[in-house]
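Colleague: This is the structure, below, for whatever I ask next.
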Amino acid sequence: MIGNVAETGATPRALGFHMPAEWERHEATWLTWPRPEGISFPDAFEPIPALWAGLAKLLAEGEQVHINVFSPEHEVDIRSALKKAGAPVDKRIHLHLFPSYEPWCRDHGPIFVRKKDEMAIVDWRYNAWGGKYPPCDLDDDVPKHVAKLQGMRLFSPPMILEGGSIEVNGAGTLLTTEACLLNPNRNPNLTQGEIEQYLRDYLGVEQILWLGEGIAGDDTDGHIDDLTRFVNEDTFVTILEDDPSDENYQLLVENRKRLESLRDPQGRPWRIVELPTPGRIEKGGERLPASYANFYIANEVVVVPGFDHPNDAKARDILQKLFPTRRVVVWPALDLIWGLGAFHCITQQQPAL
């Protein structure tokens, strides 16, 4: 294991590393390709490979794309899907035999931290969202494979954390939720103070801001990336529901109030921009966690989940004003959301040095 903290005796923060913001320049995006044998898309897998291939092609326009592959047999199917989509496989898109049961790379993939002349990986422990979907041992190993491939130092804190549960502005502030990080199904032996210290030590942040509950239908126990996101160092976008009868209405009102009460390290209020929601989207009577906040910021595009709803265009226009140097694209996500996640959930950025 390269540079494990047990060997170096120092944390990433002590060594000068920090986690960059998502909008900072990327070297690459990491994806994990889904399997028909997986549990993420029950009875609805057929359109999924084309969705991943189209996304990979889109992202490859502005950066390298690395894809975790389950097996050599799996690779054959992936290459076929990429070829059908006209994606530049082996040129801008690279396949790696790094097996993972499920495709949610944001949560099980590597989290990169950077200092001036070096990139490293933080390998948080992973237990499939509180032990909901075993087994997850292969998923948990993905960061180790990536660190070995890239020749990067690997830090392995003794704490369970999914990438979708945290949001950073790259300037010392981290946003998360109590519903997820303080859930006893993650780190029952850690206090809130201890969790905060691990976040500071391994992600190089100073200020940690806490929101409350996540949205209805979210099986992650309230990931921040369905709720509120940073779009620059001093601005949040946050979703609000306009139907008072919707089960998300009141919790999102409370979330907005909580954001208003927060202050930055200099004591100033944060700028808050509101995003609409697509309302209630369900399948088979199950409420799905459909949220425009689950967008992904790539080098040249911002990929926003589309739900065939009039608010798709409203969300795109709001985000386009916030990202004037990038093309904001609404990408169809109704097939993807059946897996209870969207584009932020399936991507993980590798920052550039």
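Colleague: Rg/Rh for region 115-168 to two decimals, with Rh computed the Kirkwood way over all alpha-carbon pairs. Before the final figure, lay out the partial values.
Modeller: Details: Rg = 12.3 Å, Rh = 12.2 Å.
Rounded to two decimals, Rg/Rh equals 1.01.
Colleague: Hey, which of these cross-link pairs are over 31 Å Cα-Cα: Lys57/Lys148; Lys148/Lys314; Lys144/Lys314; Lys144/Lys321; Lys57/Lys314? Before the final figure, lay out each step's value.
Modeller: On the way: Lys57/Lys148 26 Å; Lys148/Lys314 43 Å; Lys144/Lys314 40 Å; Lys144/Lys321 38 Å; Lys57/Lys314 25 Å.
Result: Lys148/Lys314; Lys144/Lys314; Lys144/Lys321 exceed 31 Å.
Colleague: Moving on. Run the reach check for Lys91 against aspartates and glutamates, Cα to Cα strictly under 15 Å, same-chain hits fewer than 8 apart removed. What comes back?
Modeller: Straight-distance partners of Lys91: Glu27, Glu61, Glu63.
Colleague: Taking a ≥ b ≥ c as the square roots of the Cα gyration tensor eigenvalues, with a/c under 1.5 meaning rounded and otherwise prolate when a/b beats b/c, else oblate, which class fits region 164-267?
Modeller: Oblate shape, in that a/c is at least 1.5 and b/c is the bigger or equal ratio.
Colleague: When the chain is modelled as a GNM with alpha-carbon springs shorter than 10 Å, which of His94, His18, His223 fluctuates the most?
Modeller: Ranking His94, His18, His223 by mean-square fluctuation puts His94 first.
Colleague: Can you tell me which of 144-153, 97-106 comes out highest on packing, and rank the rest after it, using the mean Cβ neighbours within 10 Å? Write down the numbers at each step before the final one.
Modeller: Numbers: 144-153: 17.8, 97-106: 22.7.
With the highest mean Cβ count within 10 Å placed first, the list reads 97-106, 144-153.
Colleague: Here's a follow-up. Which distance in nm do the two modelled labels at Ile272 and Asp219 give, with both placed 7 Å along the Cα-to-Cβ direction?
Modeller: In this crude spin-label approximation the distance works out to 3.1 nm.
Colleague: Compute the FRET efficiency between Leu262 and Thr191 as 1/(1 + (r/R0)^6), taking r as their Cβ-Cβ distance and R0 = 22 Å, and round to the nearest 0.05.
Modeller: Working: r = 21 Å, r/R0 = 0.97.
With R0 = 22 Å, the Cβ-Cβ based efficiency is 0.55.
Colleague: Grab every C-alpha pair in the chain, bin the distances at 10 angstrom width from 0 up to the longest one, and report whole percents.
Modeller: That works out to 5, 26, 37, 25, 6, 0, in percent per bin.
Colleague: Only helical DSSP H runs with n ≥ 4 go in: add -39500 (n - 2.57) per run for the chain, normalise by residue count and round the 222 nm mean residue ellipticity to 500 deg cm²/dmol.
Modeller: Values: 11 runs with 98 residues, N = 353.
Helices in the chain give a 222 nm mean residue ellipticity of -8000 deg cm²/dmol.
Colleague: Ranking request for peptides 161-169, 112-120: highest mean number of other beta-carbon atoms within 10 Å first, then the rest in descending order.
Modeller: Details: 161-169: 24.7, 112-120: 17.4.
Most protected by this proxy first, the peptides run 161-169, 112-120.
Colleague: List the residues, sorted by chain then number, that are 5 or more residues from His66 or on another chain and whose placed amide H is less than 5 Å from its amide H.
Modeller: Placed amide hydrogens put Thr29, Trp30, Leu31, His94 under 5 Å from His66.
All of the numbers you see were taken from the coordinates with simple rules; none came from a lab. If you're wondering where the values come from, they're calculated on a predicted model, not measured in any experiment. Cβ coordinates were reconstructed from backbone atoms using ideal geometry, including for glycine residues, and neighbour counts include every protein chain displayed.
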